[in-house]
């Protein structure tokens, strides 16, 4: 059983679909060690889904839908139903994996702890960044931020096993107790065709330079507003630069309005959500520089996919991003002048661009599927064995108590 903060849709035929969250192929990774995967997530009934929706459930993978909500206000109206549904999602002999930070995962962790049942964690983000003031503007956000951070630290100390998507950064802030089984593997594993064969060669730009950014616009945490402000600074300084953004969400109209106010609307193309694979790679291959101005990250798949195409990149110094890029390619979040300066520095130096391309391609190869899958499978198999041992121990203790 795996808890996740993704939001899914269920059509009348019972099929479950996702637009921006993980689809079926992602969840089959757990089948390397387990017989069945049950995903616990918010599910909303809908009469139909768009062409960009991807199937989530399938052979070996089912979805346990809990009441759908958006934000703290809606959660409070369905809180009791959510807790009941989460409590019924896993039995005492199931292997429970919580992808955190997560409200659903935190509810499940509390239930397991109260019943002296084990659970494992996959730490995929940091609430310090995810709930930063610029990423979430809710008036109770400081309280949420402290609470989630405290709970995740406790969960890492109490879990039966913990994996991290980073090599260092999340481990430093959310350590485990001594002797606990741990692993480090990214949720990202790129297939062979995700990589270009060689780094790029750059020449002085003869026309407009194209920046590309990729990410959900469901919340402001991707920092695209910062990138638009940096683009305006570049334009005023005389640079002929355009921006392509791949991704969609609630904040897209606000960003389009911001681009118009900054007088860069004709330089920006919002492409919306594209199917994974070749459609996104075509956009990456047509761009000159990947820009990732995020306010919160675990380890960003979009950035790694851009690096795999040999793109030089400029990004913010948050989450696991410093494990991907050189310090010279990093800037603070929410700093348009620093971002504009870093982009200018990169675009003016073809040799610097070529060096970053080679460096990024080499780094991205560390996230190839054939490297990460064995490490991840070992963690899942160890977890399955641990759950079996725990169940046997409880059975023996129960028998001894009965006698």
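The values are calculated or read from the model by the stated rules, or taken from the named source; none is laboratory data. Only a predicted model underlies this, so the values are computations on that prediction, with no experimental measurement involved. Note that we place each Cβ from the backbone using ideal geometry, even for glycine, and neighbour counts take in every protein chain shown.
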Expected output for the stretch 337-355 (first residue under 16 Å from residue 237 (Cβ atoms) and in the same structural domain as residue 312 (by TED's automatic domain parsing), partner at pLDDT 95 or above and surrounded by fewer than 17 Cβ atoms within 10 Å (Cβ to Cβ), Cβ below 7 Å, 6+ apart or cross-chain) is 338/332; 346/352
Limited to the stretch 209-246, what total is found for residues that are without any contact (Cβ under 8 Å) to a residue 12 or more places away in the chain and in a strand (DSSP E or B)? 0
Any chance residue 81 is modelled with pLDDT of 95 or more and crowded, with 17+ Cβ neighbours inside 10 Å: no
For the stretch 332-348, which positions are on the phi < 0 side of the Ramachandran plot, surrounded by 17 or more Cβ atoms within 10 Å (Cβ to Cβ) and under 20 Å from the mean Cα position of the chain (by Cα)? 333
Near pairs, Cβ below 7 angstrom, 6+ apart or cross-chain, from the stretch 321-336 (free of Cβ contacts under 8 Å to residues at least 40 places away in the same chain) to any residue that is crowded, with 19+ Cβ neighbours inside 10 Å and in a loop (DSSP other than H, G, I, E, B): 321/297; 321/300
Kindly provide the set of residues from the stretch 1-23 that are surrounded by fewer than 18 Cβ atoms within 10 Å (Cβ to Cβ) and more than 14 Å from the chain's Cα centre (by Cα), ordered by number. 11, 12, 13, 14, 15
Of all residues in the stretch 349-367 being modelled with pLDDT of 95 or more, touching a helix residue (DSSP H, G or I) at 6+ places or on another chain (Cβ under 7 Å) and closer than 14 Å to residue 308 by Cβ, the one that is surrounded by the fewest Cβ atoms within 10 Å (Cβ to Cβ): 363
Surrounded by 14 or more Cβ atoms within 10 Å (Cβ to Cβ) and closer than 22 Å to residue 381 by Cα - does that describe any residue in the stretch 42-54? no
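Going through 251, 195, 202 one at a time, which residue ends up being out of contact with any strand residue (DSSP E or B) (no Cβ under 7 Å at 6 or more places or on another chain) and modelled with pLDDT of 95 or more? Lay out the reasoning, then the answer.
Numbers: 251 fails: modelled with pLDDT of 95 or more; 202 fails: modelled with pLDDT of 95 or more.
None of the others qualify; the one that does is 195.
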If residue 308 passes every condition in (1) over 16 Å from residue 169 (Cβ atoms); (2) surrounded by fewer than 18 Cβ atoms within 10 Å (Cβ to Cβ); (3) within 21 Å of the chain's Cα centre (by Cα) but one, which one does it miss? (2)
For the stretch 172-180, check the following and say yes or no: at least one residue is surrounded by fewer than 16 Cβ atoms within 10 Å (Cβ to Cβ) and on the phi > 0 side of the Ramachandran plot. yes
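Table: residues versus (1) more than 30 Å from residue 349 (Cβ to Cβ); (2) touching a helix residue (DSSP H, G or I) at 6+ places or on another chain (Cβ under 7 Å).
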| site | (1), (2) |
| --- | --- |
| 155 | yes, yes |
| 177 | yes, yes |
| 184 | yes, no |
| 200 | no, yes |
| 210 | no, yes |
| 217 | yes, yes |
| 222 | no, no |
| 230 | no, yes |
| 250 | yes, no |
Going through the stretch 267-318 in order, the residues found to be under 26 Å from residue 51 (Cβ atoms) and assigned to a loop (DSSP other than H, G, I, E, B) are 273, 274, 275, 276, 277, 287, 300, 309
Look through the stretch 229-248, keep the residues that are over 23 Å from residue 206 (Cα atoms) and under 24 Å from the mean Cα position of the chain (by Cα), and return whichever of them is modelled with the highest pLDDT. 246
For residue 213, indicate whether it is modelled with pLDDT of 90 or more, within 20 Å of residue 298 (Cα to Cα), outside the structural domain of residue 379 (by TED's automatic domain parsing) and buried (at least 17 other Cβ atoms within 10 Å of the Cβ). yes
Inside the stretch 24-41, can you point out the residues that are buried (at least 19 other Cβ atoms within 10 Å of the Cβ) and part of a loop (DSSP other than H, G, I, E, B)? 34
Report yes if residue 186 is modelled with pLDDT under 90, surrounded by 22 or more Cβ atoms within 10 Å (Cβ to Cβ) and part of a loop (DSSP other than H, G, I, E, B), otherwise no. yes
Do we have any residue at all in the stretch 263-280 that's assigned by TED's automatic domain parsing to the domain that holds residue 376, modelled with pLDDT of 95 or more and under 24 Å from the mean Cα position of the chain (by Cα)? no
